[in-house]
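Visitor: Dumping the structure here so I can ask a few things about it.
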């Protein structure tokens with residue numbers, strides 16, 4: 001008989017990450033991490049994503065030391081400049097205008113922390129995305145249909161946003177949506193939770 005696995009917590013309120021983690025068919029809880037996401041001066045997008053992913057996991061793990069906690073963060077990287085969630089229609093237009101015809105690296109960081117064993121690991125899953133040379137009318141029409149204002153870079157590749165793109169280059173297919181599941185399963189194994197053994 002398989003031993004009872006440690007509790008698994010997703011330190012995120014993102015519905016996208018929750019839906020992705022649910023694909024693994026392992027029970028988990030979600031807890032909102034209380035973390036200031038303000039970038040530090042001159043902080044590179046990849047460094048920002050890694051720092052925030054680890055901070056989120058550690059913040060939740062401090063409250064639940066017996067659990068394995070997942071933290072994640074994604075920052076769009078255009079020529080070394082971070083592009084976050086637009087929040088508004090106007091900012092989303094500006095983002096997509098800046099990215100059209102360009103390659104953007106979506107820096108998706110993952111952290112797994114287990115406070116009672118001292119386990120802490122961080123990994124980065126960069127995804128290179130090449131945007132089409134979109135006209136303003138197409139950008140506006142897409143945004144009004146999808147309203148992706150809670151997505152870094154304003155592009156939801158899992159729905160109509162795929163029509164904005166020419167190519168996606170990634171070694172972890174779900175990273176662009178917000179949680180790289182190949183890395184997640186590997187890092188959970190390292191922390192003491194084998195997904196294949198405990199999936200339901």
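Visitor: From (1) more than 16 Å from the chain's Cα centre (by Cα); (2) surrounded by fewer than 19 Cβ atoms within 10 Å (Cβ to Cβ); (3) closer than 22 Å to residue 81 by Cα, pick out the condition that doesn't hold for residue 170.
Guide: So residue 170 meets the others, but not (1).
Visitor: Based on this model, can you work out whether residue 103 counts as over 30 Å from residue 9 (Cβ atoms) and in contact with a strand residue (DSSP E or B) (Cβ under 7 Å, 6 or more places away or on another chain)?
Guide: Here the answer is yes, as residue 103 does meet what is asked.
Visitor: Determine, yes or no, whether residue 39 is in a loop (DSSP other than H, G, I, E, B), touching a strand residue (DSSP E or B) at 6+ places or on another chain (Cβ under 8 Å) and either surrounded by 15 or more Cβ atoms within 10 Å (Cβ to Cβ) or at pLDDT 90 or above (or both).
Guide: Yes; evaluated as a whole, the condition is true for this residue.
Visitor: Can you tell me which residues in the range 1-17 are assigned to a loop (DSSP other than H, G, I, E, B), crowded, with 17+ Cβ neighbours inside 10 Å and over 15 Å from the mean Cα position of the chain (by Cα)?
Guide: Matches in the range 1-17: 6 only.
Visitor: Can you name the number of the only condition in (1) buried (at least 19 other Cβ atoms within 10 Å of the Cβ); (2) touching a strand residue (DSSP E or B) at 6+ places or on another chain (Cβ under 9 Å); (3) part of a helix (DSSP H, G or I) that residue 20 fails?
Guide: Here residue 20 clears every test but (2).
Visitor: Could you grab me the full set of residues in the range 23-33 that are closer than 20 Å to residue 152 by Cβ and part of a loop (DSSP other than H, G, I, E, B)?
Guide: Correct list: 32, 33.
Visitor: Taking residue 149 as meeting all but one of (1) closer than 23 Å to residue 18 by Cα; (2) at pLDDT 95 or above, write down the number of the exception.
Guide: (2)
Visitor: For the range 159-188: of the residues being in a loop (DSSP other than H, G, I, E, B) and free of Cβ contacts under 8 Å to residues at least 40 places away in the same chain, which is nearest to residue 24 (Cα to Cα)?
Guide: 173
Visitor: Output yes when any residue across the range 130-141 is on the phi > 0 side of the Ramachandran plot and modelled with pLDDT of 95 or more, and no when none is.
Guide: No.
The values are calculated or read from the model by the stated rules, or taken from the named source; none is laboratory data. None of the values given here were measured: they were computed from a predicted structure. Every residue, glycine as well, gets a Cβ built from its backbone with ideal geometry; the counts of neighbours run over all protein chains shown.
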